[in-house]
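This report concerns only the one structure given below.
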Amino acid sequence: MVTTPYTPPTSAPTAGDATLDRIAWLRLSSVTLPLATPISDAKVFTGRQQPMTEVAFLFAEITTEQGHEGVGFSYSKRAGGPGQFAHAREIADQLIGEDPSDIGRIWAKLQWAGASVGRSGLATQAIAAYDVALWDLKAKRAGLPLAKLLGAHRDSVLCYNTSGGFLHAPTEEVLANATASLESGIGGIKIKVGHPDGKFDLGRLAAVREHIGDDVPLMVDANQQWDRPTAQRMGRAMEEFGLVWIEEPLDAYDAQGHAALAASLDTPVATGEMLASVAEHVELIRHNAADVIQPDAPRIGGITPFLKLAALAEHHQLQLAPHFAMEIHLHLAAAYPLEPWVEHFDWLYPLFNERLEIREGRMRLSARPGLGFTLSEQARAWTVAEHEAGKRP
C-alpha cells in the first residue's frame with residue numbers, strides 16, 4: 001500500500017467574492033498618559049503597590065484599501081505597557097491583507113500567532129487594540145454608532161463616578177468630588193475602601209452617605225485587599241448604607257470565597273475587572289461568585305471576547321458593570337439586555353477630541369459612527385513609540 005505524505009496547508013483558504021476590502025496599513029502607538037495626582041487605593045495602603053502616576057495606552061489605527069479607518073486601544077496601569085506594544089508589533093504583519101469584516105477569524109489568527117505566551121493577559125490585551133479598531137471600522141463603514149451595529153437595548157446607560165473617591169484623598173475632598181460629580185449629571189458615586197483600619201472605611205462611608213443622601217446610588221471598592229473574615233465582617237457592617245454593590249472584596253481568583261460572601265450578604269457582590277480572559281470569568285459564573293460581573297474589554301482581549309462573555313452573563317441573569325474605558329464600554333453596555341452601569345473616569349479626556357454627554361444620571365450614546373472618538377494632538381505628543389505595517393493607500 002502506497003501512502004501519500006501529508007502536506008500541511010501553507011495559507012488560509014483563498015478569499016471569495018464576499019471579500020470586498022482588505023487591511024492595507026496599520027499604525028501602533030504607545031502613549032503614556034500622566035496623571036495629575038498620584039493615585040492610591042487599598043493596594044497601596046497594604047504595601048502591595050506604589051501610587052499610580054501614569055497609564056500606558058496601546059492605540060491601533062487601521063486603514064483598508066478602500067480607505068475605511070478604525071481606531072482601538074488597550075491599556076496597562078503601572079507596568080506592562082511596553083510589553084503590550086512589543087507583542088502587538090510582533091504580530092502586526094498578520095493583519096495585512098485580511099478582510100476587516102472577518103473579525104472573529106482575525107482574533108483567532110492573532111491569538112494563535114502568539115499562543116506560546118498564553119491565551120490571556122498581556123498577549124490578548126495586545127490583540128484587544130486591534131480588535132476594538134476593527135469593530136470601530138465596521139461600525140463607521142456602516143455609518144452607525146457601535147452600539148447600534150451590535151443591537152442596542154437603550155440609548156443611554158446609568159453611570160457612576162470612581163475617580164473622585166480614591167483613598168489618598170481626604171474625606172472633605174471626596175465629599176466635594178461627589179458633589180461635583182452629581183452636579184455634572186453623573187448618577188452614582190463609588191468610593192474606595194480596604195484601608196488597613198476598618199473604622200476609617202466605615203467613618204468615611206458614613207460621611208459620604210450622609211452627604212449625598214439616601215437616594216443616591218453608592219458603591220464601595222476594596223480592590224481585593226480583604227481576607228474572607230474581614231470581608232464578612234465589613235460586608236455586614238456596610239449593610240446599613242444601602243450600597244448598590246461591594247466590589248472586589250476578595251482576591252479576584254477566589255471564586256469560592258466570593259460565592260460564600262455573596263450568599264451571606266444582602267448587598268450584591270461585584271467582581272471581575274482584574275480577570276484577563278473569558279475563561280476566568282466563566283469560573284466566577286460557575287461558582288455563582290458575583291451578582292454583578294465587571295469585565296474589562298481591553299483586559300480580556302477586546303470586543304469579540306466581551307460579546308461572548310456578555311451572552312453567558314445574560315444567560316445567568318447577571319448585572320453588568322464594565323470596568324474603566326467608558327469610551328468602549330458605553331457601547332457594549334448599551335447592547336446588554338439587562339440594565340447595566342458604566343464607570344465614569346475623566347482620566348482619558350486629554351486623549352480624544354470628543355466628549356461623552358452625561359446628564360440626568362446617564363451616559364448617552366452620540367450619533368457619531370463607530371466608537372465616536374478621534375485621537376487628539378495631545379495623545380500624539382505623549383507617544384513614546386510607534387510602529388507601522390503595510391502600505392498606506
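The values are calculated or read from the model by the stated rules, or taken from the named source; none is laboratory data. These numbers come from a predicted model, not from an experiment. In this analysis, Cβ positions are derived from the backbone assuming ideal geometry, glycine residues included, and neighbour counts consider all displayed protein chains. When the accessible area is computed, the model is the full protein with side chains, heavy atoms only, and any ligands, DNA or RNA have been set aside. Shrake-Rupley method; radii C 1.70, N 1.55, O 1.52, S 1.80 Å.
Given the criteria at pLDDT 95 or above, crowded, with 24+ Cβ neighbours inside 10 Å and more than 19 Å from Lys109 (Cβ to Cβ), does Ile293 qualify?
Here the answer is yes, as Ile293 does meet what is asked.
Go through (1) surrounded by fewer than 16 Cβ atoms within 10 Å (Cβ to Cβ); (2) at positive phi; (3) under 27 Å from the mean Cα position of the chain (by Cα) and name the single condition Asp227 misses.
Only one criterion in (1) surrounded by fewer than 16 Cβ atoms within 10 Å (Cβ to Cβ); (2) at positive phi; (3) under 27 Å from the mean Cα position of the chain (by Cα) is unmet by Asp227, namely (2).
Within the stretch 252-266, is even one residue of a type in the set (A, V, I, L, M), in contact (Cβ under 8 Å) with a residue 12 or more places away in the chain, farther than 25 Å from Leu312 by Cα and surrounded by fewer than 21 Cβ atoms within 10 Å (Cβ to Cβ)?
Among the residues of the stretch 252-266, not one is of a type in the set (A, V, I, L, M), in contact (Cβ under 8 Å) with a residue 12 or more places away in the chain, farther than 25 Å from Leu312 by Cα and surrounded by fewer than 21 Cβ atoms within 10 Å (Cβ to Cβ), which makes the answer no.
Between Ala36, Ala79, which is farther than 28 Å from Glu354 by Cβ and among the hydrophobic types (A, V, I, L, M, F, W, C)?
So the residue among Ala36, Ala79 that is farther than 28 Å from Glu354 by Cβ and among the hydrophobic types (A, V, I, L, M, F, W, C) is Ala79.
Regarding the stretch 74-84, can at least one residue be identified that is of a type in the set (A, V, I, L, M, F, W, C) and touching an Asp or Glu at 6+ places or on another chain (Cβ under 9 Å)?
Checked the stretch 74-84: no residue is of a type in the set (A, V, I, L, M, F, W, C) and touching an Asp or Glu at 6+ places or on another chain (Cβ under 9 Å).
Which numbered condition trips up Thr271, out of (1) within 22 Å of Ala42 (Cα to Cα); (2) more than 17 Å from the chain's Cα centre (by Cα)?
Result: Thr271 passes all but (2).
Out of all the residues in the stretch 134-168, which are β-branched (Val, Ile, Thr) and touching a Pro at 6+ places or on another chain (Cβ under 8 Å)?
Once the filter is applied, which keeps residues that are β-branched (Val, Ile, Thr) and touching a Pro at 6+ places or on another chain (Cβ under 8 Å), the stretch 134-168 yields only Val157.
Give the residues of the stretch 242-251 that are part of a loop (DSSP other than H, G, I, E, B) and within 22 Å of Ala207 (Cα to Cα), sorted by residue number.
Hits for the stretch 242-251 are Gly242, Leu243, Val244, Glu248, Pro249.
Considering only the stretch 157-167, I want to know if a residue exists there that is without any contact (Cβ under 8 Å) to a residue 12 or more places away in the chain and either in contact with a helix residue (DSSP H, G or I) (Cβ under 7 Å, 6 or more places away or on another chain) or surrounded by fewer than 23 Cβ atoms within 10 Å (Cβ to Cβ) (or both).
no
Could you tell me whether any residue of the stretch 343-366 is in a loop (DSSP other than H, G, I, E, B), open to solvent by 30 Å² or more (accessible area, probe 1.4 Å) and among the small types (Gly, Ala, Ser)?
Yes.
Under 9 Å between Cβ atoms, at least 6 apart or on separate chains: pull out the pairs that start in the stretch 232-249 with a residue that is open to solvent by 40 Å² or more (accessible area, probe 1.4 Å) and end on any residue that is charged (D, E, K, R) and assigned to a helix (DSSP H, G or I).
Partner pairs satisfying both residue conditions: Glu240/Arg209; Gly242/Arg209.
In this structure, does Ile212 turn out to be among the aliphatic types (A, V, I, L, M) and in contact with a helix residue (DSSP H, G or I) (Cβ under 6 Å, 6 or more places away or on another chain)?
Here the answer is yes, as Ile212 does meet what is asked.
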